[in-house]
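First comes the structure, then the notes that go with it.
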Amino acid sequence: PFPPEKAMVCFGNMFIELPKAKTREMLKQDQEELDEEINNLRKELRVKVNRLYEAQGKPELKGFNLNPMSAEEMKLINRILEG
């Protein structure tokens with residue numbers, strides 16, 4: 001029912017019809033900001049957990065400073081596993 005070049009986007013409690021290219025760009029930008037915020041929170045969590053363990057007199061957690069694999073790295077590993 002909508003023209004192919006338009007998309008309905010929900011902002012709060014209302015829907016707005018926007019061009020698909022603009023909608024795609026907005027979603028992409030939001031996702032990049034969320035990914036950056038998640039990464040920053042992960043880094044902060046590592047520091048806080050290490051500080052907590054140090055305050056409790058416990059040894060530092062091993063393997064806690066690992067980073068998650070990217071989507072591209074996961075695709076490559078899946079290709080290798082599939083043969």
Options LYS28, LYS22, LYS43; residue that is open to solvent by 100 Å² or more (accessible area, probe 1.4 Å), at pLDDT below 90, out of contact with any Cys (no Cβ under 8 Å at 6 or more places or on another chain) and part of a helix (DSSP H, G or I) | LYS43
With the condition kept exactly as written, say whether any residue in the range 48-58 is closer than 27 Å to MET8 by Cα, open to solvent by less than 100 Å² (accessible area, probe 1.4 Å) and without any contact (Cβ under 8 Å) to a residue 24 or more places away in the chain.
-> no
Residue hits (the range 59-83; loosely packed, with under 10 Cβ neighbours inside 10 Å and aliphatic (A, V, I, L, M)) are LEU66, ALA71, ILE80, LEU81
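The values are calculated or read from the model by the stated rules, or taken from the named source; none is laboratory data. This structure is a prediction, so every number in the text was calculated from the model and none was measured. Neighbour counts are summed over all protein chains in view; Cβ atoms, including those assigned to glycine, are modelled from backbone coordinates with ideal geometry. Ligands, DNA and RNA are stripped out before the accessible areas are found, and what is left, the full protein with its side chains, is counted by its heavy atoms. Shrake-Rupley method; radii C 1.70, N 1.55, O 1.52, S 1.80 Å.
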